[in-house]
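The values are calculated or read from the model by the stated rules, or taken from the named source; none is laboratory data. Just so you know, these numbers come straight off a predicted model, no measurement behind them. Please note: Cβ atoms are built from the backbone with ideal geometry, for glycine as well, and neighbour counts cover all protein chains shown. Just so you know, the surface numbers come from the protein's heavy atoms only, side chains and all, with ligands and any DNA or RNA stripped out. Shrake-Rupley method; radii C 1.70, N 1.55, O 1.52, S 1.80 Å.
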Amino acid sequence: LGLLYQEYRDKSTRQEIETRRLQDSQTDPEESSPSEETPSEEEPTSTTESKAPPQISLLRNSNSRFNLWQDLPEIRSSGVLNILQPDEIKLQEAMFELVTSEASYYKSLNLLVSHFMENERLKKILHQSEAHILFSNVLDVMAVSERFLLDLEQRVEENIVISDVCDIVYQHTVNHFSVYITYVSNQTYQERAYKQLLQDKPAFREVISQLELDPKCKGLSFSSFLILPFQRITRLKLLVQNILKKVEEKSDRETTALDAHKELETVVKACNEGVRKMSRTEQMISIQKKLEFKIKSVPIISHSRWLLKQGELQQMNGPKTSRTLRTKKLFREIYLFLFNDLLVICRQIPGDKYQVFDSAPRGLLRVEELEDQGQSLANVFILRLLENADDREASYMLKASSQSEMKRWMISLAPNRRTKFVSFTSRLVDCPQIQCVHPYVAQQPDELSLELADVLNILDKTDDGWIFGERLHDQERGWFPSSMGEEILNPKIRAQNLKECFRVHKSDDSQRRKLGSRNRQ
């Protein structure tokens, strides 16, 4: 039996990590072999109880286990490996991985539908509305995957050497992949419904447990099948990036790869925005209910506003000259709600409420770190409001619970401030990099969720084990524990990662330059 997509994806990303480790230990990045450069796990399609996935002729023998395109018997016997350049072989592997991973993904989707969604016992337990929230438009997603896979299969069968796949990716992304936005935007309600059903319906919990134990599921949970579409659309973008890094520059294949990547990025951003919009709206309503204004009331709920960070800090009382007094009397607790465009400063009051006593637009905030002030004033910084609720300048001396918490607040409050390793406005600087070796789920709004094999620039770090990083493939920034990754020490590998990143996003950069030019005009 072949791998389900969850297994396939895990194996592929772990091979990617090992490849990068090997490269990092070498003097020359080009020393690694083609098979190391393009890790891939062949996925033979196989029939399921309800519906047979599309068959790809190169993968038809379900007893075979090919790791790479170059290991296929048809490829080995053709002699084509003696003709193609090493770079072209790497490109073939990258395109082949996109095809085989789609076959694996379709197989897992098919299992979600046939084994779970169409289970008769489950149908009787779930109300129609509950089933709709739980499975959403998964049938549409599966139909799109099937059509996509059949077109990829046809391309693979046209010639023993794959001509291109990114043109197919582009067409399907533009014409069909909007179904992913619908599915992923439902994720917040889907997760909540699933937890509620487990809690309220013992029969549902029992059936799901029994279905998960079936050998077909290979020990994978029901929830791991539900999140497949979001994982796939994100991974597909990375697979196209991998192809883009290997095609010859200024070629037709580079153009199609850039076009496909741009469209996929649009879909992925729309998926992310759909998820965020659902959760942010509920969060803003909850915060609004907790706030009581001592000053002139500020409307909190806005479609363009969201929470960046919230938490307790210690405010220093009295003038700065009294720093030498006993610190216990100097500090009192305050609570901050920082939104993308607004800071609200409160004091917590009984009944899980917060009394607002000051506020300021986020663009009018400045921060300054206090250094060498002794242990009692460690992790203290100055927050300046250039124009507060009373239309005047105000300063607060604030103390955080740790160095990482202080830095996290300072970067959130003043995002354009220069960091330890690189200015936010500078992109051509060799700063430290890290590779994710353990997945991480963000716990706070200013944190960044990490997937295995993510590569990030390290923008700042703390002595107590936190890193502020920028992920190369999508430029998302946030904090995460340093234990989640391994630093990339080889400067040549760091330079190569940056070069590949700039190449992938060069179409975005040219578009930004055009927009900037128009704005200046």
Subset of segment 347-367 [in contact with a helix residue (DSSP H, G or I) (Cβ under 9 Å, 6 or more places away or on another chain) and surrounded by 14 or more Cβ atoms within 10 Å (Cβ to Cβ)]: Tyr354, Arg362, Leu365, Arg366, Val367
Filtering segment 103-131 down to residues that are part of a loop (DSSP other than H, G, I, E, B) and either closer than 15 Å to Ile233 by Cβ or of a type outside the set (D, E, K, R) (or both) yields Asn119, Leu126, His127
Of the residues in segment 146-163, those that are part of a loop (DSSP other than H, G, I, E, B) and crowded, with 18+ Cβ neighbours inside 10 Å number 1
Across segment 458-473, what is the number of residues that are touching a Lys or Arg at 6+ places or on another chain (Cβ under 9 Å), touching a residue at least 24 places away in the same chain (Cβ under 8 Å) and closer than 21 Å to Gln15 by Cα? 1
Starting from residues that are under 24 Å from Lys107 (Cβ atoms) and without any contact (Cβ under 8 Å) to a residue 40 or more places away in the chain, keep the ones in segment 192-233 and report whichever is most open to solvent (accessible area, probe 1.4 Å). Leu213
Scan segment 111-128 and tell me whether some residue there is among the small types (Gly, Ala, Ser), in contact with a Ser or Thr (Cβ under 7 Å, 6 or more places away or on another chain) and modelled with pLDDT of 95 or more. yes
Please verify whether Ile168 is in contact with a helix residue (DSSP H, G or I) (Cβ under 6 Å, 6 or more places away or on another chain), assigned to a loop (DSSP other than H, G, I, E, B), open to solvent by less than 20 Å² (accessible area, probe 1.4 Å) and over 23 Å from Ala193 (Cβ atoms), treating the condition exactly as stated. no
Among the residues of segment 437-475, how many are out of contact with any Cys (no Cβ under 7 Å at 6 or more places or on another chain), open to solvent by 60 Å² or more (accessible area, probe 1.4 Å) and more than 17 Å from Gln403 (Cα to Cα)? 5
Residues that are farther than 13 Å from Ser108 by Cβ and part of a helix (DSSP H, G or I), drawn from segment 132-145: His132, Ile133, Leu134, Phe135, Leu139, Asp140, Ala143, Val144
Checking Thr256 against (1) buried (at least 19 other Cβ atoms within 10 Å of the Cβ); (2) touching a residue at least 60 places away in the same chain (Cβ under 8 Å); (3) outside any helix (DSSP H, G or I), the condition it does not meet: (3)
